[in-house]
Amino acid sequence: MKDPNKNTFEEAGQEEELSLFQEFLHMLRHNKKYWMLPLLVMLLGFGLLLLLGATGMAPFIYTLF
């Protein structure tokens, strides 16, 4: 049962905080921006390639292209 003395702002402050990933998924579901998910996956993939390209894995990555 809700306390009539608390407003919605105070109730929102009492909720458990979400992680960044959970917050992002909630935003995708709430705003119906499902088209952003493939873009995020591609950006993460390119970032992973950049990180691996600076390590000893570089010769193996170059053979993929």
Kindly list, by first and then second residue, each pair from a residue in the range 13-25 that is within 21 Å of residue 35 (Cα to Cα) to a residue that is in a loop (DSSP other than H, G, I, E, B) and at pLDDT 85 or above, limited to pairs with Cβ atoms under 9 Å and residues at least 6 apart or on different chains. 23/17
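Answer yes or no as to whether residue 46 is in a helix (DSSP H, G or I), open to solvent by 60 Å² or more (accessible area, probe 1.4 Å) and either touching a strand residue (DSSP E or B) at 6+ places or on another chain (Cβ under 9 Å) or modelled with pLDDT of 85 or more (or both).
Values: in a helix (DSSP H, G or I): yes; open to solvent by 60 Å² or more (accessible area, probe 1.4 Å): yes; either touching a strand residue (DSSP E or B) at 6+ places or on another chain (Cβ under 9 Å) or modelled with pLDDT of 85 or more (or both): yes.
Taking the combined requirement at face value, the residue satisfies it.
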(1) over 15 Å from the mean Cα position of the chain (by Cα); (2) assigned to a loop (DSSP other than H, G, I, E, B); (3) at pLDDT 85 or above all hold for residue 33 apart from (1)
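Taking the conditions exactly as written (aromatic (Phe, Trp, Tyr), touching a Leu at 6+ places or on another chain (Cβ under 9 Å) and surrounded by fewer than 10 Cβ atoms within 10 Å (Cβ to Cβ)), does residue 62 satisfy them or not? Spell out how you get there, then give the answer.
Numbers: aromatic (Phe, Trp, Tyr): yes; touching a Leu at 6+ places or on another chain (Cβ under 9 Å): no; surrounded by fewer than 10 Cβ atoms within 10 Å (Cβ to Cβ): yes.
In short, no.
Do we find a residue being of a type in the set (A, V, I, L, M, F, W, C), in a helix (DSSP H, G or I) and surrounded by 11 or more Cβ atoms within 10 Å (Cβ to Cβ) anywhere in the range 4-20?
Residues of the range 4-20 that are of a type in the set (A, V, I, L, M, F, W, C), as a first pass: 9, 12, 18, 20.
Applying the additional criterion that residues be in a helix (DSSP H, G or I) yields 9, 12, 20.
Retained after the next criterion (residues that are surrounded by 11 or more Cβ atoms within 10 Å (Cβ to Cβ)): none.
The answer is no; no qualifying residue exists.
The values are calculated or read from the model by the stated rules, or taken from the named source; none is laboratory data. Values in this document were obtained by computation on a predicted structure and should not be read as measured data. As a convention, Cβ positions derive from the backbone with ideal geometry for all residues, glycine included, and neighbour counts pool all protein chains shown. Protein only, heavy atoms only, side chains kept; ligands, DNA and RNA dropped before computing areas. Shrake-Rupley method; radii C 1.70, N 1.55, O 1.52, S 1.80 Å.
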